[in-house]
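**Student:** Below is one structure. I have some questions about it.
The values are calculated or read from the model by the stated rules, or taken from the named source; none is laboratory data. Quantities reported herein were computed from a predicted structural model and do not represent experimental measurements. Protein only, heavy atoms only, side chains kept; ligands, DNA and RNA dropped before computing areas. Shrake-Rupley method; radii C 1.70, N 1.55, O 1.52, S 1.80 Å.
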Amino acid sequence: MTAEAKAVTKPATTTGPASPPLTERQEARRRRILHASAQLASRGGFDAVQMREVAESSQVALGTLYRYFPSKVHLLVATMQDQLQHMHATLRKRPPAGVEPAERVAETLMRAFRALQREPHLADAMVRALTFADRSVSPEVDTVSRLTTAIILDAMGLEAPPTAEQLSAVRVIEHTWHSALITWLSGRASIAQVKIDIETVCRLIDLTAPEKA
């Protein structure tokens, strides 16, 4: 695994970058909150995630919930972070089988896409939260981006640290994957078109690969 991928295997578990680590009890409470958020979003999307209902469902006081997550957007972006962590763990257990890095990344992103496809209301809620996020949510958004980067770098299976060109290609692939998710959720793209777009942008991996001596 690359150094960049290792750096994001254990994302921050609090909303502030300088916050102390959570205790075991606090972490359990946070997990209940994220589970409640995902459950509500799965049933009714973004609008179904109401902070009071999340608090009741996770059995925490409303004031406590706001100390963990200052807003619904913070909560849903953290929910996406949690979903990506689970996805990353699953992908590591069953890595892509493609021969070339571009094939493996395309396969990985389509597997991630299909996982989100199974929960369209949840996917829509998380993507809308990312879209609405302002600067106050930057740490959470950055963590989501780092997790996505780690997933792509793991799939690439590089033998050496990625070059600046390769990291640039990864960023473009991330943007395309996110855009494809939005267009699919809005009904403006089919699964087949998403697959074509993902496979096309993943060719950047071949174009930015260092030349062998």
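**Student:** Given a cut-off of under 8 Å on Cα pairs at least six residues apart, what relative contact order in percent is computed for the stretch 91-191? List each step's numbers first, then the result.
**Tutor:** Working: 45 pairs, mean separation 31.7, N = 101.
That works out to 31 percent.
**Student:** Quick check: at a probe of 1.4 Å, how many percent of the accessible area of the stretch 64-213 sits on carbon and sulfur atoms?
**Tutor:** Details: 4160 of 7620 Å².
Of all accessible area on the stretch 64-213, carbon and sulfur atoms account for 55 percent.
**Student:** Pairing the Cα long axis of helix 120-132 with the longest principal axis of the chain, what angle in degrees results, from 0 to 90 and rounded to the nearest 10?
**Tutor:** 90
**Student:** If you line up the long axis of helix 101-117 against the longest principal axis of the chain, both from Cα atoms, how many degrees apart are they, to the nearest 10?
**Tutor:** 30
**Student:** For Arg94, Arg128, give me the order by solvent-accessible area with a 1.4 Å probe, most accessible first, ignoring ligands, DNA and RNA. Please list the in-between numbers first.
**Tutor:** Numbers: Arg94 145, Arg128 75 Å².
Ranked list, largest accessible area first: Arg94, Arg128.
**Student:** Can you divide the C-alpha Rg of the stretch 49-122 by 2.2 N^0.38 Å and report the result to two decimal places?
**Tutor:** On the way: Rg = 16.5 Å, N = 74, 2.2 N^0.38 = 11.3 Å.
In units of the globular-protein estimate, the stretch 49-122 measures up at 1.46.
**Student:** If every alpha-carbon in the stretch 156-211 counts as one equal scatterer, what log10 I(q)/I(0) does Debye give at q = 0.20 1/Å?
**Tutor:** Rounded to two decimals, the profile gives -0.71.
**Student:** With a probe of 1.4 Å, find how much accessible area the stretch 136-202 has per residue, and write the answer as a whole number in Å². Walk me through the numbers on the way to the answer.
**Tutor:** Numbers: 3080 Å² over 67 residues.
The answer is 46 Å² per residue.
**Student:** Please list, in order along the stretch 167-174, the HN-Hα scalar couplings obtained from phi with the Karplus expression 6.51 cos²θ - 1.76 cosθ + 1.60 (θ = phi - 60°), rounded to whole Hz, x for Gly and Pro.
**Tutor:** With coefficients 6.51, -1.76 and 1.60, one gets 5, 5, 4, 4, 5, 5, 5, 4 Hz.
**Student:** Moving on. I'd like the accessible area for Trp184, computed on protein heavy atoms only with a 1.4 Å probe and all protein chains in place. Round to 10 Å², please.
**Tutor:** Here the residue's solvent-accessible area equals roughly 50 Å².
**Student:** Could you give the Stokes-Einstein D for the chain in µm² per second, using the C-alpha Kirkwood radius, 4 °C, 1.567 mPa s? Provide the component values of the computation, followed by the final result.
**Tutor:** Details: Rh = 18.0 Å.
This corresponds to a translational diffusion coefficient of 72 µm²/s.
**Student:** Let me ask something else. Could you work out [θ]222 nm for the chain from helices alone, using -39500 (n - 2.57) per DSSP H run of at least four and dividing by all its residues? Round to the nearest 500 deg cm²/dmol. Mind showing how you got there, number by number?
**Tutor:** Details: 11 runs with 148 residues, N = 213.
That comes out to -22000 deg cm²/dmol.
**Student:** If one takes the longest principal axis of the Cα atoms in the chain, at what angle in degrees, from 0 to 90 and to the nearest 10, does the Cα axis of helix 72-93 lie?
**Tutor:** For 72-93 against the chain, the angle is about 50 degrees.
**Student:** Which three lengths, in whole Å and largest first, does the stretch 103-172 cover when its Cα atoms are put on their principal axes?
**Tutor:** Cα extents, longest axis first: 37, 30, 15 Å.
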